[in-house]
Amino acid sequence: MIVLAVWLLSTGLVSPPAVAAIAWQDWSAATFASAREQNKPVFLYLEAVWCHWCHVMQRQTLARPEVQAQLAQHFVAVRVDHDADPGLANRYRDYGWPALIFLSPGGVDLVKRAGYIAPENFSRLLQLIARDPTPEAQAQVSSPPAGPSQLQAGAREYLLRRHDESFDPELGGLRTAQKFIDRDSVEYALEHATENAGERRKALLTLDAARALIDPVWGGAYQYSTGRGWNHPHFEKIMRVQAGYLRIYALAYARFGRPADLRTAGDLQRYLFDFLRSPDGAFYVSQDADVVPGEKSAGYYALDDAARRARGMPRVDRNRYADANGLAAEALAVTYAHSGDTQALQAAVGALQWTLRERRGEGGLMRHGDAADASPHLSDSLFVARAALSLYEVTADRTWLAEAESLAQAIDRSLRAPEAGYLTEGPVAGLPVVPRPDLAENIAAARFYNRLAHYSGEDAHRRRALHAMRFLAGHAARQEDFEEAGILLADDELARDPIHLTVVGAKSDPAAQDLFAAAVGTAGSYRRIEWWDRSEGPLPHDDVPYPKLSRAAGYVCSDGRCSRPSYEAPDYRRQIGRLAGSLTPNAERGATNAATGTYDPAPGFASTVW
């Protein structure tokens, strides 16, 4: 019977005693109405099913009879899985996991605590809040006012300084107690690595150090390491981490050409395929760190495959959320672009087709999980839209561009904040907690809408990108103590055109296929890559009058001007390599001659349109 009980706990088929004994409520308008009727604060226990310290909190603290009695007498208790509710996860990300949040019946944050609290200390905290349910000073968070549509000089200088000061020059990564790949920071370094030796060193040192977080047996990335080093990992594996690392290592391979980066991307992809992919091609959301919830598993991960399986398998959360599948599909599309691995492309297409078929929600937006959402979440529609745009970029299949545009319009209709940015979720009638924009999501939104504007030629998407950027600029203007290179990436991209590569030729023509593969493999994340097969009609963004030649040709274009045509892939790669440098953020792209008023193209560009 003991063995059976341990197995049931490890699979998640039954809950620990604390969960069963506490009268947990849903996060809903009805729950807050009940709290108002009883005049009790709301205790939000925001957990993650993969989280070791959440398991410990349940077994050691929430299982205590005195704690359960206090919760029953003085609070309305709410339990939420943070992967199941992206809006709450974003709102309280800085306090997890678990996040222990106390709110008034009117939805005002009173007290917020991060992580496990021992039984005696938690009991004292409950007593204090029950006696005096007034907000702590640090509990209140306000959204920044809208800023300009691009960073002001002072804010940009501050972000650049924080980007430099936050880097750990000895160990790589950020100067934090937890070591992980901060994806925007590394991507910023990759984008500037060609012309900036300091950024190149940041990227290389971090990428090499972070390989310590890759599971040497099953592949996949552990969430982070503690102790200010890379060798004390927390072993949970979360889709957001897997997809983010896979995309970054694929971009790194494209930038540096190092086999080690490609191997790491392969280890991440292997884990996704072997452990987190469902039989119908969708992806699950996470795998627990613990074989038995609440018991440390460091020794387990030192074992080989057979020995691990003999002890049992850490629980996989088999929920298939739209945002997780969008992240996976985008990362796999980027991996295909730079590795040429058609399995990655097939998996990306399969996951996104499943998501678009099974997770369609109301109002043209995506639904998070199996059940209808109380309100739509930005992450679901935004990450699926980003994946669709990435698939258009690497396949030139216009169906994917249409999906990205449809979702982009639905997001703007339903989740646009009045002054600036996009809300992390829509409002729920009767729920007093008011949604607000999330920083990371608005970085993603600004970059997505800007890329979509270039691919579609629709200026409305550009205006949407600027709307998101106003929220980011307002946040940056505060000059708070944070590192957020993602705002710099968004600002850089909005200030310039992407590298524009176009192949003109039939999609059945092997020469055109080779040219398109050369374009798709170009380093960098800010690109506009198109394949014009005249039989399909004009390009969606038909801004360059390409000549009608007797053979397939590839072009590098900017500001309506194009390079000479390349007819073979090796020559096209060389042409891209020569001209791409003139499109980097800090390079001269060409300018108007002040004396003559005429345009002087960047070196290597033709001065007239072909």
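Some points to look at:
- Translational diffusion of the chain was estimated from the Stokes-Einstein equation, with Rh taken as the Kirkwood radius over Cα pairs; at 4 °C and 1.567 mPa s the coefficient is 50 µm²/s.
- If the chain linking ARG161 and SER535 were pulled fully straight, counting 0.36 nm for each residue of separation and taking away their Cα-Cα distance, it would gain 129.6 nm.
- Distant-in-sequence amide contacts of SER278, defined by a placed amide H-H separation under 5 Å and a gap of 5 or more residues or a different chain, comprise PHE283, TYR284.
- Extension gain for ALA402 to ARG175 (0.36 nm times residue separation, less C-alpha to C-alpha distance): 77.5 nm.
- Using a probe of 1.4 Å on the protein chains alone, the accessible area found for TYR222 is around 10 Å².
- Cα shape, region 127-197, gyration tensor, a/c 1.5 rule: oblate
- The calculated FRET efficiency for ASP542 paired with ALA460, based on their beta-carbon distance and R0 = 22 Å, is about 0.80.
- Given a 1.4 Å probe and the protein chains as shown, GLU170 ends up with an accessible area of around 150 Å².
- Per-residue 3J(HN,Hα) values for region 217-227, derived from phi via the Karplus relation 6.51 cos²θ - 1.76 cosθ + 1.60 with θ = phi - 60°, read 9, 9, x, x, 10, 5, 5, 6, 10, 9, x Hz in sequence order (x marks Gly and Pro).
- Multiplying the residue separation of ALA307 and ASP370 by 0.36 nm and removing their Cα-Cα distance gives an extension gain of 19.2 nm.
- Dipole in debye (nearest 20) - the chain, about Cα centre, beta carbon charges: Lys, Arg +1; Asp, Glu -1: 360
- In order along region 41-56, the Karplus-derived 3J(HN,Hα) couplings, from 6.51 cos²θ - 1.76 cosθ + 1.60 at θ = phi - 60°, round to x, 9, 9, 9, 9, 9, 10, 10, 5, 8, 8, 4, 6, 5, 4, 5 Hz, and Gly and Pro are given as x.
- Put a dot 7 Å past the Cα of ARG64, heading toward its Cβ, do the same for ASP26, and the two dots end up 3.2 nm apart.
- Förster radius 22 Å - calculated FRET efficiency between THR226 and ASN196, Cβ distance, rounded to 0.05: 0.10
- With protein chains left intact and a 1.4 Å probe, residues in region 150-246 average 40 Å² of accessible area per residue.
- Projected label points at ARG258 and GLN73, each 7 Å from Cα along the beta carbon direction, are separated by 5.9 nanometres.
- Compared with the rule-of-thumb size 2.2 N^0.38 Å for a compact globular protein, region 328-456 has a Cα radius of gyration ratio of 1.07.
- Axis angle, to the nearest 10 degrees, between helix 322-339 and the longest C-alpha principal axis of the chain: 40 degrees.
- Karplus-derived 3J(HN,Hα) values for region 305-311, using 6.51 cos²θ - 1.76 cosθ + 1.60 with θ = phi - 60°, are 4, 5, 5, 4, 5, 5, 7 Hz; glycine and proline are entered as x.
- Carbon plus sulfur fraction of accessible area for the chain, probe 1.4 Å, in percent: 51
- Largest to smallest accessible area among SER34, SER390 [probe 1.4 Å]: SER34, SER390
- Using the Cβ-Cβ distance between VAL217 and LYS296 with R0 = 30 Å, the FRET efficiency computed as 1/(1 + (r/R0)^6) comes to roughly 0.95.
- Helix 153-165 and the longest principal axis of the C-alpha atoms of the chain enclose an angle of approximately 70°.
- Beta-bridge orientation, the chain: approximately 75 percent antiparallel, per DSSP, counting only bridges with both partners inside.
- Solvent exposure of GLU236, expressed as accessible area, is near 10 Å², computed with a probe of 1.4 Å over the protein chains only.
- Ordered by 1.4 Å accessible area with all protein chains kept, ARG462, ARG308, ARG263, ARG36 run largest first as ARG263, ARG36, ARG462, ARG308.
- Residues whose placed amide H lies under 5 Å from that of TRP531, excluding near-sequence neighbours: VAL503
- Cα long-axis angle, helix 259-275 against the chain (0 to 90 degrees, to the nearest 10): 50
The values are calculated or read from the model by the stated rules, or taken from the named source; none is laboratory data. Please read all numbers here as calculations on a predicted model, not as lab measurements. We place every Cβ from the backbone using ideal geometry, glycine too, and count neighbours over all the protein chains shown. For the accessible areas, the whole protein counts, side chains as well, though only heavy atoms, and no ligand, DNA or RNA atoms are used. Shrake-Rupley method; radii C 1.70, N 1.55, O 1.52, S 1.80 Å.
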